[in-house]
1. Condition test on Phe250, is it touching a Lys or Arg at 6+ places or on another chain (Cβ under 6 Å) and within 25 Å of Leu164 (Cβ to Cβ)?
2. Restricting the range 14-41 to residues that are more than 30 Å from Ile94 (Cβ to Cβ) and among the aliphatic types (A, V, I, L, M), which is farthest from the ligand (Cβ to nearest atom)?
3. Any residue at all in the range 183-199 that's within 16 Å of the ligand (Cβ to nearest atom), outside any helix (DSSP H, G or I) and touching a residue at least 24 places away in the same chain (Cβ under 8 Å)?
4. If you scan the range 4-37, which residues turn out to be out of contact with any Ser or Thr (no Cβ under 8 Å at 6 or more places or on another chain) and either not in a loop (DSSP other than H, G, I, E, B) or not assigned by TED's automatic domain parsing to the domain that holds Gly218 (or both)?
5. Of the residues that make up the range 373-391, is at least one under 28 Å from the mean Cα position of the chain (by Cα) and not aromatic (Phe, Trp, Tyr)?
6. Could you check how many residues of the range 9-44 are hydroxyl-bearing (Ser, Thr, Tyr) and surrounded by fewer than 19 Cβ atoms within 10 Å (Cβ to Cβ)?
7. Are any of the residues in the range 62-71 surrounded by fewer than 18 Cβ atoms within 10 Å (Cβ to Cβ), in the same structural domain as Cys29 (by TED's automatic domain parsing) and closer than 17 Å to Phe181 by Cβ?
8. Can you work out which of the residues in the range 52-81 that are closer than 21 Å to Asp364 by Cα and basic (Lys, Arg) is farthest from the ligand (Cβ to nearest atom)?
Amino acid sequence: MPVTIYNTLTRRKEALVPGEPGQVRMYVCGPTTYNLIHLGNARPLVVFDTFRRYLEYRGYRVTYVQNFTDIDDKIIARAAEEGLDPGVLADKYIAEYFLDAAALGVRPATVHPQVSQHIADIVAMIRSLVDKEYAYAADGNVYFAVDRFAGYGKLSRRSPEEMLVGARAEIEGDKRSPLDFALWKKAKPGEPWWESPWGPGRPGWHSECAAMALRYLGSGFDIHGGGYDLVFPHHENEIAQAESYTGQPFARYWMHNGFITVDQEKMSKSLGNFFLLREILRRFPGPVIRFYLLSTHYRHPLDFDLEGLEGSARGLARWQKTLDELEQRLGGRAGEAATSGPAHPLREQVAATRETFVAALDDDFNTPAAMAALFALVRETNSFLARSQTGDDAGTLAAVRACLKELGEQVLGVLPLAGQAAPSSREAQVVTGLVDLLLEVRSLARQHRDWAMADMIRDRLAGLGIGVEDTPGGTRWEWRG
Ligand SMILES: [Zn+2]
């Protein structure tokens with residue numbers, strides 16, 4: 001049976017058939033880095049990280065791109081409040097992001113492109129759209145002419161009237177039509193800006209993701225993901241630009257996770273009803289939060305409550321306790337090779353558990369059903385352990401242990417329960433400060449024409465997953481997978 005996922009574009013569950021056999025290319029919209037992430041931001045991280053792990057378990061190679069929006073109105077406003085340069089503020093919260101992600105067991109993506117590092121790609125795309133008259137410049141801004149793209153609305157399936165309601169807040173004097181959206185925004189005094197054919201300015205959010213997805217994955221890549229709130233206008237606008245630019249389909253499958261709500265209302269910074277992940281990590285280990293997020297189907301809304309988290313803590317503790325007991329019984333023995341003793345029905349249940357687990361995740365990534373299969377195995381194992389004597393059945397016990405580790409640790413990423421300690425802001429600040437310091441040393445080395453030293457610093461940082469790029473505006477760095 002193939003992996004099937006619900007495709008927002010077609011409103012159907014479909015078999016996932018990658019463009020290139022054995023290789024899945026996936027882009028997921030990442031955070032705007034102006035604050036610590038809240039639980040609602042954490043859900044897509046965990047969902048898509050687990051989905052990636054599952055695809056790998058099913059034998060696919062996965063190229064996973066998750067961006068950082070490090071140029072944005074909110075970043076500029078927050079930087080002004082904190083008295084920081086917007087680039088410094090964004091780097092600070094990128095470092096914080098990686099601490100939170102690590103606490104949740106979220107692996108770094110293959111690439112984490114940052115907008116500030118891809119202005120040339122974005123400008124090239126916008127310039128081509130203007131040349132082909134899909135976009136127009138007006139007083140230093142550039143807008144996409146929505147009526148030039150016949151497919152507009154195909155993802156969100158909204159009528160023009162409905163889309164207008166969403167766009168009303170954006171009506172500005174120099175747009176030709178209220179639905180048109182900004183690809184390039186003219187610089188306002190005091191804001192960061194980059195040169196462009198239309199004068200100094202910065203890219204619009206929708207252009208950033210479209211250009212970076214195309215840059216790393218090419219057109220017609222497999223999966224574009226994100227929160228359900230991004231369907232309109234963000235993803236609709238990405239499609240309009242990318243498909244007008246390349247003349248090809250943009251992404252073939254669209255996956256969207258549901259909201260996290262509090263008392264049935266969407267958790268968001270603007271509503272002020274959010275829980276910072278960092279606050280929750282002070283009370284619950286990362287694996288428990290991950291377990292909690294995966295206990296609800298990714299497309300369903302998840303109404304946040306502490307009792308739910310406490311329930312997850314108890315549930316995951318049972319898995320860990322069973323695993324610990326197995327380790328203790330098996331001792332140092334590899335166990336996998338041991339076949340002594342009669343075959344027990346539990347042995348068959350291990351095989352059945354794997355089948356049920358895979359069938360559940362193949363069916364639109366049904367994590368709660370997959371977890372229920374593991375719960376059943378844990379229950380049976382516990383009653384088996386209560387009856388069996390040490391020394392017998394090593395093969396059976398080893399099979400259970402291998403199954404729990406493989407599915408609970410490698411695929412779901414919720415074991416071991418101990419996980420990582422909650423990170424501190426202090427660590428993130430120190431990491432950012434140290435990288436900045438090294439880059440200053442490198443810049444001095446370059447001034448003294450000490451190329452060997454400059455190259456060594458760049459290479460060693462690359463070894464730590466930090467990419468360094470020298471641009472006319474100075475040296476920038478970003479996290480790479
Ligand atoms: Zn995006």
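The values are calculated or read from the model by the stated rules, or taken from the named source; none is laboratory data. All values reported here derive from a predicted model rather than from experimental measurement. All Cβ positions, even for glycine, are placed from backbone atoms using ideal geometry, and neighbour counts span all protein chains on display.
1. no
2. Here the residue is Ala15.
3. yes
4. If the condition is that a residue be out of contact with any Ser or Thr (no Cβ under 8 Å at 6 or more places or on another chain) and either not in a loop (DSSP other than H, G, I, E, B) or not assigned by TED's automatic domain parsing to the domain that holds Gly218 (or both), then Thr4, Ile5, Tyr6, Asn7, Arg12, Glu20, Tyr27, Val28 are the ones that fit.
5. Yes, the range 373-391 contains at least one residue that is under 28 Å from the mean Cα position of the chain (by Cα) and not aromatic (Phe, Trp, Tyr).
6. Residues meeting the conditions: 1.
7. no
8. Arg58
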